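In what follows, a structure is listed as structure tokens, so that the remarks can point back to it.
The values are calculated or read from the model by the stated rules, or taken from the named source; none is laboratory data. Fair warning: this is a prediction, and the values are worked out from it, not measured in the lab. No Cβ is skipped: glycine too gets one built from the backbone with ideal geometry, and neighbour counts run over all protein chains shown.
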Amino acid sequence: MQQFHPEIRVRFAPSPTGPMTLGNARTALFNWLFAKHMNGSFVLRIEDTDVARSHKDHERDLISALSWIGITWDEGPSVDGSEGEHGSFGPYRQSARTPIYEEYLRDLLKRGLAYRCFCTKEQLEADAASAVSRGIPHIYSGRCRHADQSDHVQRPSVIRFAMPLRRIVFTDYIRGEVVFDTATIGDIVIAKDERTPLYNFAVVVDDERMRISHVIRGEDHIANTPKQIALQEALGFATPIYAHLPLILASDRTKLSKRTADISILNYQQRGYLPEAIMNFLAFLGWHPHGVESEKELFTPLELMRSFDLSRVQKAGAVFNPEKLDWLNGQHIKALPIAELYQYCLPFLLSDNRQHSHSFSSQQLMGIVRLVRDRLTVLSDVRSETEFFFQLPSYEKELLVWKTDSIEHTHAILRRVRELFSSISEDECTAHFLSPAFEPLISEHGKGSVLWPVRVALSGLRGSPGPFEIAEVLGVAEVIRRLDHALTLSS
Ligand code: GLU
């Protein structure tokens, strides 16, 4: 009978051979949401056994990306990127676990459940070619199962697992019953030598030693599961519950392009996506809420934790829809408290030299952000949307003219507006004060004839926030400077 670890413990086990991709981030998130929902523990384990392909830079990228999205781990490497770690089941980097693997490898060798294989590359290539010519899959012949093991020091070898011939059946949490015949797998290589285990072996040892109860990972790992179960049985380990997450597909249901699939999720940070929006978006890559929430699309991290249900993850591929991500981002931007949004926008607002042309106080900058917030899809839009506050764009004098008005009439109105502004104090330069102050002029000439030229004079644009709101941010002196410019242009 299969035994399970009773406590809920999951792990995210990335290999630092590349940055944190979209797929990785989704796997991390589903593990995290499941753990949080079930009051379990979430472990971060760095699978860096492949020394040649593992890089500290990638490890740092993985850790920074998790922290940016807002995924925290109960056990694992320190979040500060140092070599430190926390938790009682470490080390949490496979490269520091060599003696543990060695012990189990020796045990399997001693019990004859693993053996050294001396086959040369040429022999294996010839076996593969022969399988191809006969139209059958290449499975290791088992040639060295009974070879003399004593001279392994002199001859190059690897360690293979003596795969028992049988059917392996497991119940995937998402996919239901999955059946494999080990005859189609053969004696897999589990280590290069006693101190160099390979992925399937190291994972099995770590999942047991870290008491992992549920293995939640991408569907691309499903073929590894029977290998891992066979190893667990040979080692007398418990078998975790497996849940294989659906593939992420492009909008046309084909494979995701490399540009989308392979880039670091931190690119989305640079492009102005909010971590809450990314989390919300990733959660919907294969999962949907149900019941009263089935129509709801906008979720905060806390709401996701409450609603997430692993058994509702779909089997079918999950479609990556960039428009949906943009929409979610805009919605999360609108939902943020203004002070927080301002902090997020600041790096984008001040990223060039525009502060030189006009310097604003942080209060004014926050006012600017508030004015354009509804126009933002990504945070970086704040640059183009607020350009005119920093520098008046050049515009044609015709733009100042409302509908059928004449340029002379427009000029006369702008002159009255200038008089109005030169008679008010800085404190009065607010939308609240300006709105009634403009009333007489508006009732005399009509709303469009007054407000249109003022708005264009202040923004230089066909579309922008209202003139009073802009004036409030710019202040009296700058308003007059811009009105003077419009007066010169229209004279
Ligand atoms: N290191 C593996 C990967 O990055 C993890 C596989 C697993 O979760 O077992 O794909």
So, ILE216, is that one within 13 Å of the ligand (Cβ to nearest atom), among the β-branched types (Val, Ile, Thr), part of a loop (DSSP other than H, G, I, E, B) and within 25 Å of the chain's Cα centre (by Cα) or not? no
Taking VAL189, is it under 40 Å from the mean Cα position of the chain (by Cα) and away from the ligand (no atom under 16 Å from the Cβ)? yes
Answer yes or no: is there a residue in the stretch 453-463 that is of a type outside the set (A, V, I, L, M), in contact (Cβ under 8 Å) with a residue 60 or more places away in the chain and either farther than 28 Å from TYR344 by Cα or surrounded by fewer than 18 Cβ atoms within 10 Å (Cβ to Cβ) (or both). yes
So is PRO246 away from the ligand (no atom under 16 Å from the Cβ) and either under 26 Å from SER67 (Cβ atoms) or touching a residue at least 12 places away in the same chain (Cβ under 8 Å) (or both) or not? no
Can you tell me which of (1) in contact with a Leu (Cβ under 6 Å, 6 or more places away or on another chain); (2) part of a helix (DSSP H, G or I) is the one PRO465 doesn't meet? (2)
Looking at ASP107, ASP57 in this structure, which one is within 18 Å of VAL203 (Cβ to Cβ), away from the ligand (no atom under 13 Å from the Cβ) and surrounded by fewer than 19 Cβ atoms within 10 Å (Cβ to Cβ)? ASP107
Taking the stretch 260-287 and keeping only residues that are more than 28 Å from LEU346 (Cα to Cα) and at pLDDT below 95, one is left with ALA261, ASP262
Between a first residue in the stretch 10-22 that is free of Cβ contacts under 8 Å to residues at least 60 places away in the same chain and a second residue that is more than 8 Å from the ligand (Cβ to nearest atom) and of a type in the set (Lys, Arg), which pairs have beta carbons less than 6 Å apart while being 6 or more apart in sequence or on different chains? THR17/ARG53
Within the stretch 287-308, does at least one residue satisfy the condition of being at positive phi and not polar (S, T, N, Q)? yes
Can you find a residue in the stretch 93-101 that is in contact with a Leu (Cβ under 9 Å, 6 or more places away or on another chain) and farther than 14 Å from VAL204 by Cα? no
By residue number, the members of the stretch 423-478 that are within 19 Å of THR410 (Cα to Cα) and acidic (Asp, Glu) are GLU439, GLU444
Hits in the stretch 129-142 (condition: within 22 Å of LYS227 (Cβ to Cβ) and either loosely packed, with under 13 Cβ neighbours inside 10 Å or within 36 Å of the chain's Cα centre (by Cα) (or both)): ILE136, PRO137
Which fully enclosed helices (runs of 4 or more DSSP H) of the stretch 363-446 have 1 or more residues being farther than 30 Å from CYS345 by Cα? 407-422, 431-437, 439-445
Would you confirm whether or not the stretch 37-51 contains a residue that is modelled with pLDDT of 95 or more, over 12 Å from PHE12 (Cα atoms), in contact with a helix residue (DSSP H, G or I) (Cβ under 8 Å, 6 or more places away or on another chain) and not in a loop (DSSP other than H, G, I, E, B)? yes
Being more than 16 Å from the ligand (Cβ to nearest atom), within 28 Å of GLU75 (Cα to Cα), in contact (Cβ under 8 Å) with a residue 40 or more places away in the chain and surrounded by fewer than 16 Cβ atoms within 10 Å (Cβ to Cβ) narrows it down to one residue among ARG195, ARG253, ARG209; which is it? ARG195
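Against the condition in contact with a His (Cβ under 9 Å, 6 or more places away or on another chain), modelled with pLDDT of 95 or more, crowded, with 17+ Cβ neighbours inside 10 Å and not basic (Lys, Arg), how does TYR92 come out, does it pass?
Yes: the conditions hold for TYR92.
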Within the stretch 257-269, can one find any residue that is within 13 Å of the ligand (Cβ to nearest atom) and surrounded by 20 or more Cβ atoms within 10 Å (Cβ to Cβ)? no
Give me the residue from the stretch 3-35 that is within 11 Å of the ligand (Cβ to nearest atom) and hydrophobic (A, V, I, L, M, F, W, C) and, out of that set, farthest from the chain's Cα centre (by Cα). VAL10
Restricting the search to the stretch 52-72, which residues are touching a helix residue (DSSP H, G or I) at 6+ places or on another chain (Cβ under 7 Å) and either over 13 Å from LEU266 (Cα atoms) or not in a helix (DSSP H, G or I) (or both)? GLY70, ILE71
Given the conditions (1) closer than 29 Å to ILE248 by Cβ; (2) away from the ligand (no atom under 14 Å from the Cβ), every one holds for GLU233 apart from (1)
Select from the stretch 301-321 the residues that are loosely packed, with under 14 Cβ neighbours inside 10 Å and free of Cβ contacts under 8 Å to residues at least 40 places away in the same chain and write down the one among them that is nearest to the chain's Cα centre (by Cα). LEU302
Read through the list (1) outside any loop (DSSP other than H, G, I, E, B); (2) within 16 Å of the ligand (Cβ to nearest atom), then give the number of the only condition that ILE174 fails. (1)
